[in-house]
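Working notes, beginning with the structure itself.
Nothing in this text is a laboratory measurement; each read-out follows from the coordinates by a stated rule. All of these numbers come straight from a predicted model, not from anything done at the bench. As a convention, Cβ positions derive from the backbone with ideal geometry for all residues, glycine included, and neighbour counts pool all protein chains shown.
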Amino acid sequence: MLSDKDAIATVAVKNLEIAKKFYEGTLGLTKVMENEEVLAFKTGSSTLFVYRSQYAGTNRATAVTFVAEEVDDLVRTLKGRGVPFEHYDLPHMTRQGDIHVAGQMKAAWFKDPDGNIFSLVTPANTAANRTVSAAAQSTR
């Protein structure tokens, strides 16, 4: 029923002006819509809705995941823009600086100004491709 429908991430914030500065300026997202209660940003082939709510920041789990092959570069860039990264003790993962590693998969977590948790994660096929590529090179 919904398997062929796109899902859109929706994040609650207390102050839309502060959120707009963070999402546009810090994260580098392109705003595609704005009104008195909602902002919408383009993210890859999807959209991120940011709306005003008294319940902003009450979620204690990851709200949005950005899938990106260049997690290391993104972490470095965001740190340079003042974004602190979260560190978690997770089973089967080690940490290399701000990046959590499990085999070929890399992940990093940060928060927006309201405390909403975001993650950067390598796509599953990237991790698999690295393994296949390394195996192919070792047979040459």
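For the stretch 53-63, how many residues are of a type in the set (Val, Ile, Thr) and surrounded by 17 or more Cβ atoms within 10 Å (Cβ to Cβ)?
Total meeting the criteria: 0.
Could you tell me which numbered condition ASN35 fails, if it satisfies all but one of (1) farther than 21 Å from ASN125 by Cα; (2) surrounded by 12 or more Cβ atoms within 10 Å (Cβ to Cβ)?
(2)
In the stretch 68-106, which residue that is in contact with a helix residue (DSSP H, G or I) (Cβ under 7 Å, 6 or more places away or on another chain) and under 16 Å from PRO123 (Cβ atoms) is surrounded by the fewest Cβ atoms within 10 Å (Cβ to Cβ)?
Among those that are in contact with a helix residue (DSSP H, G or I) (Cβ under 7 Å, 6 or more places away or on another chain) and under 16 Å from PRO123 (Cβ atoms), it is GLY103.
Starting from the stretch 56-78, keep only residues that are among the aromatic types (Phe, Trp, Tyr), then list their pairs with residues that are surrounded by 15 or more Cβ atoms within 10 Å (Cβ to Cβ) and assigned to a helix (DSSP H, G or I) whose Cβ atoms are within a distance under 8 Å, requiring at least 6 positions of separation or different chains.
Taking only residues 6 or more apart or on different chains, the pairs are PHE66/LEU74.
Pairs only if they're at least six apart or on different chains, beta carbon under 6 angstrom, first in the stretch 82-95 and under 22 Å from TYR23 (Cα atoms), second part of a loop (DSSP other than H, G, I, E, B) and among the acidic types (Asp, Glu); list them, first residue then second.
Going by the 6 Å Cβ cut-off, the qualifying pairs are PHE85/ASP98.
Of the residues THR65, THR58, THR77, THR26, only one is among the polar types (S, T, N, Q) and within 17 Å of ILE8 (Cα to Cα); which?
THR65
Can you confirm whether ALA40 is touching a residue at least 24 places away in the same chain (Cβ under 8 Å) and assigned to a strand (DSSP E or B)?
So ALA40 does not fit the description; no.
ALA12 is checked against (1) free of Cβ contacts under 8 Å to residues at least 24 places away in the same chain; (2) farther than 20 Å from ASN125 by Cβ; (3) small (Gly, Ala, Ser) and fails just one. What number does that condition carry?
(1)
List the number of the failed condition for PHE41; all other conditions in (1) surrounded by fewer than 14 Cβ atoms within 10 Å (Cβ to Cβ); (2) in contact with a Ser or Thr (Cβ under 8 Å, 6 or more places away or on another chain) hold.
With (1) surrounded by fewer than 14 Cβ atoms within 10 Å (Cβ to Cβ); (2) in contact with a Ser or Thr (Cβ under 8 Å, 6 or more places away or on another chain) applied to PHE41, the lone miss is (1).
Mind checking which residues of the stretch 66-98 are assigned to a loop (DSSP other than H, G, I, E, B) and among the β-branched types (Val, Ile, Thr)?
VAL83
So which residues in the stretch 1-27 are of a type in the set (Ser, Thr, Tyr), in a loop (DSSP other than H, G, I, E, B) and surrounded by 11 or more Cβ atoms within 10 Å (Cβ to Cβ), if there are any at all?
none
For THR30, are the conditions met, namely being touching a residue at least 24 places away in the same chain (Cβ under 8 Å) and either surrounded by fewer than 13 Cβ atoms within 10 Å (Cβ to Cβ) or under 16 Å from the mean Cα position of the chain (by Cα) (or both)?
no
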